[in-house]
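The values are calculated or read from the model by the stated rules, or taken from the named source; none is laboratory data. The structure presented is a predicted model; accordingly, all values stated were derived computationally and were not measured. With ideal geometry, Cβ positions are generated from the backbone for all residues, glycine too; neighbour counts draw on all protein chains shown. Note: areas computed on protein heavy atoms with side chains; ligands, DNA, RNA excluded. Shrake-Rupley method; radii C 1.70, N 1.55, O 1.52, S 1.80 Å.
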Amino acid sequence: RYEPTWGSLDSRPLPTWFDEAKFGVFIHWGVFSVPSFGSEWFWWYWQKEKREPYVKFMDTNYPPGFSYEDFGPLFTAEFFDANQWADILKASGAKYVVLTSKHHEGFTLWGSKYSWNWNAVDVGPKRDLVAELATSVRNRTDLHFGLYHSLFEWFNPLFLEDASNAFKTRKFPTSKSLPELYEIVTKYQPEIIWSDGDGNAPDTYWNSTGFLAWLYNDSPVRDTVVTNDRWGAGSICAHGGFYTCSDRYNPGHLLPRKWENCMTIDRSSWGYRRDARLPDYLAIEDLVKQLAETVSCGGNLLMNIGPTHDGRIAVVFEERLRQVGAWLKVNGEAIYGTKPWRAQNDTVTSGVWYTFSPEEGKVNAIFLNWPVSGILELGEPRAKLGETKVKLAGYKELLKWVALGEKGMVIALPQLTPQQLPCQWGWTLQLTDVN
C-alpha cells in the first residue's frame, strides 16, 4: 500500500499502457466557450486583470451589468453528439482523451453535488456531458478516458477566504475541490486524473498526497489510473505520476522520468476562439514534427482542441485530427509502443528523429524533409554489410544503402511521384540489424 507521502507515492510504477499510448487528445470545453474570445482565461482577464481587449469586447457586445455567470445558460451544447466526437477521436489515432471536467471557472461538466447551480446539469445544456462522452468513448473506441480537474477556482469565495488566511484554513478543498475529485473518480472511473491550477497553495493545503494514496490503494481505478504532476505549488516536475513541467513542454532531449507535452493546435488558446485566424492554427507538418520530437525523447503528446459552446468540434480541428490519424496509419509502428533509442535525433541530417521498436529490434528514423537529391544521409545508425535491411513505411520494396562505417550510412530513397508517396508529411525508415 502507498503511504500519503511523496516518497511513497512517487515510487509507484506508471501503468504501462500510458507509455505505450504516446498520443492523446485534450479537450478544453466550458462556459469560457461561450464568449470564445481571446482565451479560456476570459473571466480572469476581463474581471481581475481588466485587460483592455476583454473589457472593450464586453462593453461593445453585452448590456451593462452582464456578469460571467450570465454566460452559463448560453453554454447550450445543442449540437453535442458524443458518438460523433468519439468517432473523430478514434480517427485521430489517439489512444487516450482528457476532458476538462472543471476549469478554473468552477463550472462542472457533470451534475456535481458540490457545485450547486454552476454545473452542466442544472444550467445550460441540462445534460451530464462527462457521462455522455465517457460512454461513447468506451462503447465506440479503444481510447482510455481521462478527466482534467482544476484544484482552485478563481473567484470562489471559500478559496479567496483561505488565500487571505495564507492557506492556514482549508474550507475550500474540504468542501469543494476534494469532494469533487472523489466524486468523478467514483462516478466515471477515469484512467487519467489530469490535475491543474494549484492557486499558489502548497500540496498540504490540497491534501494531494491523501487523495493520491486513496486513488492508488482503494479507488476503482487503482491499477490502471495515471496522474500528472500538478498537485500543489512546488510539485510540478517534481512529484506525481508523469511530468508535464509546463504547458507546451518539449525539452528536445531524454528525461529520467516519463513526461507529457500538452500543447494546443491553436497557438494561443486552449479554449475555442471565434477570433482565431488560419495562421493561428498549427499546420499538420508542425503537428507531425511535434509528435516525432516528443516520442523520440520519451514523451507523450497531448494535443488540445477547443469545442464550441454549442458542442461542435470545429472543422479545422477535425481536419487536423484526421490528418494525424492518416499519418499514424502509415507510421504508427514508429510511434506506438516504442522506446527511446540511444540517439534521439540525427547528427548529420537535421529533422530526423529516432525511436526504437523493442519487439522487432527495429530502429525507426522519422525524417521530416524529403531530400531533393533522393539520397538521405544518416550519421547515427551503423549498418552491417549483408545484414542490415532498410524499409520505407508504407512502401513494399527494400531500399538500397551504402555503409559509411563510423560515419553512418547513406540511403537511396525510391523515386516516387507525390501521388505515390506513402504519406504526405514526414516519413519513416525502418532499419533492422543495425549496430
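A few remarks follow.
- Sole residue being assigned by the TED database to the domain that holds ILE313, open to solvent by 20 Å² or more (accessible area, probe 1.4 Å) and part of a helix (DSSP H, G or I), chosen from ASP286, ASP247: ASP286
- SER195 open to solvent by less than 40 Å² (accessible area, probe 1.4 Å), polar (S, T, N, Q), assigned to a loop (DSSP other than H, G, I, E, B) and without any contact (Cβ under 8 Å) to a residue 60 or more places away in the chain: no
- Residue within the range 42-55 that is under 23 Å from PRO125 (Cα atoms), assigned by the TED database to the domain that holds THR209 and under 22 Å from the mean Cα position of the chain (by Cα) present: yes
- Those strands (runs of 3 or more DSSP E) of the range 348-435 in which at least 2 residues are out of contact with any Asp or Glu (no Cβ under 9 Å at 6 or more places or on another chain) and within 14 Å of ASN331 (Cβ to Cβ), considering only elements entirely within it, cover 427-432.
- Under the condition of being part of a strand (DSSP E or B) and either loosely packed, with under 15 Cβ neighbours inside 10 Å or more than 12 Å from the chain's Cα centre (by Cα) (or both), the residues counted in the range 250-276 number 1.
- Residue list for the range 168-189, filter: free of Cβ contacts under 8 Å to residues at least 60 places away in the same chain and either open to solvent by 40 Å² or more (accessible area, probe 1.4 Å) or not in a helix (DSSP H, G or I) (or both): LYS168, THR169, ARG170, LYS171, THR174, TYR182, THR186, GLN189
- Cross-chain or 6+ apart pairs with Cβ under 9 Å, the range 352-375 first and under 12 Å from LEU413 (Cα atoms), then among the aromatic types (Phe, Trp, Tyr): PHE367/TRP353; PHE367/TRP427; TRP370/TRP427
- Residue list for the range 155-167, filter: touching a residue at least 24 places away in the same chain (Cβ under 8 Å), in contact with a Phe, Trp or Tyr (Cβ under 6 Å, 6 or more places away or on another chain) and part of a helix (DSSP H, G or I): PHE159, ASP162
- Test: residue in the range 381-401 that is among the polar types (S, T, N, Q) and either closer than 21 Å to ARG342 by Cα or surrounded by 12 or more Cβ atoms within 10 Å (Cβ to Cβ) (or both): yes
- Only one of THR76, THR60 that is β-branched (Val, Ile, Thr) and either free of Cβ contacts under 8 Å to residues at least 12 places away in the same chain or touching a Ser or Thr at 6+ places or on another chain (Cβ under 9 Å) (or both): THR60
- Among the residues listed as ARG322, ARG342, ARG312, the single one being out of contact with any Asp or Glu (no Cβ under 6 Å at 6 or more places or on another chain), outside any helix (DSSP H, G or I) and touching a residue at least 60 places away in the same chain (Cβ under 8 Å): ARG312
- Residues of the range 402-435 that are surrounded by 14 or more Cβ atoms within 10 Å (Cβ to Cβ) and among the β-branched types (Val, Ile, Thr): VAL410, ILE411, THR428, THR432, VAL434.
- Check on PRO279, in a helix (DSSP H, G or I) and open to solvent by 20 Å² or more (accessible area, probe 1.4 Å): yes
- Filtered residue count, the range 1-37, keeping only those that are free of Cβ contacts under 8 Å to residues at least 60 places away in the same chain and surrounded by fewer than 23 Cβ atoms within 10 Å (Cβ to Cβ): 4
- When GLU40 is tested against (1) touching a helix residue (DSSP H, G or I) at 6+ places or on another chain (Cβ under 6 Å); (2) open to solvent by less than 20 Å² (accessible area, probe 1.4 Å); (3) over 22 Å from TRP231 (Cβ atoms), just one condition goes unmet, and that condition is (3).
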